[in-house]
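Working notes for the structure below.
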Amino acid sequence: MDSTIYDKLGIQKENIGCSTGQKWITSKTGKVLDISSPIDGKHLASVQTCSHEDYLEVKKQAQRAYTVWRTVPAPQRGEIVRQIGLKFREYKDELGKLVTLEMGKSIQEGYGEVQEMIDICDFAVGLSRQLYGVTTHSERPEHRMYDQYHPIGIVGIISAFNFPVAVYAWNAMLAAVCGDVCIWKPSSKVPLTAIATQKIIAEVLKENDMPEGIFNLVVGSGRDVGEAMLQDKEVGLISITGSTRVGRHANEVIARRFGKVICELGGNNAIIVSETADLKIAIPGIVFGAVGTTGQRCTSTRRIIVHESAYETVKKSLIKAYKSIKIGDPMDEANHVGPLIDESAVKLYENAIARVKEQGGKIIYGDKVLSGKNYESGNYVVPTIAEVTNDMPIVQEETFAPVLYLIKYSGDVENAIQIQNDVVQGLSSAIFTQNLRESELFLSNRGSDCGIANINIGTSGAEIGGAFGGEKETGGGRESGSDAWKGYMRRQTNTINYSKELPLAQGIKFNI
């Protein structure tokens, strides 16, 4: 790795994974993580993790910071976030490269992830002057009712390896302008980008003489740190990105203490290809959705539901497109696909393909782990296409790897929608069609049951301006744009009586 990237981002050979802003806490009992790049298997750096005791120390500082931060006017909080966005712009090249080195996604996607951080900062700055409530007409004379929103307090953010920094920013920047403070537990597979992000934010905090504890980082195990956050009554909201299994456990624990949770969990996203689809845009949309981030996005395209009249054409077109995919070092912009995150991800890929064969599916392209020169890490695989039926158990699951399931439908689009919805996940969905009626049906209450539904674009690559999240076992939470900010605040209804009387609602009489 280019040492200038490390130097500019403040990453050292040995790093501390516990911070309250500008202060870094050296753990006495935390373990050491050795981080290697999935690109070539070479050691990048090590990180000392947080212990349970370290987490408690960070939380105390966060509580102290909250008493100050909540009193700062929201537009002034927005000014801090604006400056953070400018810092992300300054470090975009280096941070984007570190995302790719540590996670393995293409360099263009690495840069894109940092751009998402910049964009959400811009969104949050505008939001800081809009945290609006609604005034409601009272049924009682000379009374006024309105809603207002107050900060929750401490927001816990548990992020996944596939988006090392962007999803954190979705949550942290909104929470910050809302008056909350954050404790971030990143994936232990990608802690270096989290440490770099924390140091970038620390520059802004120092320049503005902000207190410790507004933005906090705790790199640690689920047992020592993650579980403590879930059970902590003083963490008012937890946003968690991960598998359905992890989300189910988190929901159960947080519900027992009546906490709030935003869950972004598994996706089993489908694209319907109608008989009227424009394949010139459909095929690229399918391929990017299926192989982008090496199939390790929650919005990755997993299933293609194709009308029987277009099935053979789509099948041939996809195989042709897959043959043109360049697999290799993701730092090389000529390559489309980099490695999977680690050996365990490769095993998931292999196991999924084996189960497809066992359950009667047919592999029509791919099914290969690459080795030899340029693939020394052992994490490179060939994106795979399989002909299946939707009722196969493996197709009902989220396969977090570049395995695309090709499914045929007949009749009208309602049959395709039924197939699409016949899974337990409900994150992202799309249809390629030039038929207005099919488009409108897909977006109606009889259409897609997913949190995201697109027409003539793929399932992957959401903009930050829209609320992001899904239904069913995807969790039901919303992050990023639209009015997702309300999830980071507590809502209060206020009634003001400016009359000289005390009339009661519903016309109740109570004379004393």
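The values are calculated or read from the model by the stated rules, or taken from the named source; none is laboratory data. None of the values given here were measured: they were computed from a predicted structure. Neighbour counts are summed over all protein chains in view; Cβ atoms, including those assigned to glycine, are modelled from backbone coordinates with ideal geometry. With ligands, DNA and RNA removed, areas are computed over all heavy atoms of the protein, side chains included. Shrake-Rupley method; radii C 1.70, N 1.55, O 1.52, S 1.80 Å.
Entry remark, the stretch 48-69: residues being surrounded by fewer than 17 Cβ atoms within 10 Å (Cβ to Cβ) and either farther than 19 Å from Gly156 by Cβ or of a type in the set (Val, Ile, Thr) (or both) number 2 in total.
Taking (1) closer than 25 Å to Ile283 by Cα; (2) touching a residue at least 12 places away in the same chain (Cβ under 8 Å); (3) surrounded by fewer than 17 Cβ atoms within 10 Å (Cβ to Cβ) in turn, Gln359 satisfies each apart from (1).
On the basis of being open to solvent by less than 10 Å² (accessible area, probe 1.4 Å), within 20 Å of the chain's Cα centre (by Cα), of a type in the set (Val, Ile, Thr) and more than 30 Å from Ile455 (Cα to Cα), does Val246 make the cut? Considered against the rule, which asks whether it is open to solvent by less than 10 Å² (accessible area, probe 1.4 Å), within 20 Å of the chain's Cα centre (by Cα), of a type in the set (Val, Ile, Thr) and more than 30 Å from Ile455 (Cα to Cα), Val246 comes out as no. Identification of strands (runs of 3 or more DSSP E) wholly contained in the stretch 393-506 with 1 or more residues that are open to solvent by 30 Å² or more (accessible area, probe 1.4 Å) yields 403-409, 452-455, 489-497.
I'm checking my understanding of the structure. Among residues of the stretch 254-284 that are over 30 Å from Asn415 (Cα atoms) and either hydroxyl-bearing (Ser, Thr, Tyr) or free of Cβ contacts under 8 Å to residues at least 24 places away in the same chain (or both), which one is surrounded by the fewest Cβ atoms within 10 Å (Cβ to Cβ)? By that ranking, first place goes to Phe258.
Of all residues in the stretch 103-144, those satisfying the criterion of being of a type in the set (Ser, Thr, Tyr) and within 23 Å of Pro339 (Cα to Cα) are Ser106, Tyr111. The set of residues in the stretch 184-212 being over 25 Å from the mean Cα position of the chain (by Cα) and in a loop (DSSP other than H, G, I, E, B) consists of Asn208, Asp209, Met210, Pro211, Glu212. The residue of the stretch 135-194 that is most open to solvent (accessible area, probe 1.4 Å), among those that are of a type in the set (Asp, Glu) and at negative phi, is Glu139. Within the stretch 372-392, if we keep just the residues that are open to solvent by 20 Å² or more (accessible area, probe 1.4 Å) and either touching an Asp or Glu at 6+ places or on another chain (Cβ under 6 Å) or modelled with pLDDT under 95 (or both), the residue that is nearest to Lys326 (Cα to Cα) turns out to be Asn374. Count of the stretch 375-392 residues, restricted to those that are touching a Leu at 6+ places or on another chain (Cβ under 8 Å), assigned to a loop (DSSP other than H, G, I, E, B) and closer than 30 Å to Ile419 by Cα, is 3. Checking the stretch 126-134 against the condition returns no match, with no residue being open to solvent by 30 Å² or more (accessible area, probe 1.4 Å), at pLDDT 95 or above and part of a strand (DSSP E or B). Identify, please: which residue in the stretch 217-243 is more than 19 Å from the chain's Cα centre (by Cα) and open to solvent by less than 10 Å² (accessible area, probe 1.4 Å) and is, among those, farthest from Met489 (Cα to Cα)? Out of the qualifying residues, it is Gly220. The single condition among (1) open to solvent by less than 60 Å² (accessible area, probe 1.4 Å); (2) over 18 Å from Ser188 (Cβ atoms); (3) modelled with pLDDT of 95 or more; (4) part of a helix (DSSP H, G or I) that Val72 does not meet is (4). A single entry from Met173, Met145, Met117 fulfils the requirement of being of a type in the set (A, V, I, L, M, F, W, C) and farther than 22 Å from Phe468 by Cα: Met145.
So that you can scan it fast, the table gives a plain yes or no per residue for (1) in contact with a strand residue (DSSP E or B) (Cβ under 7 Å, 6 or more places away or on another chain); (2) under 28 Å from Val424 (Cα atoms):
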{"position": "Ala160", "(1), (2)": "yes, yes"}
{"position": "Pro164", "(1), (2)": "no, yes"}
{"position": "Ile214", "(1), (2)": "yes, no"}
{"position": "Arg257", "(1), (2)": "no, yes"}
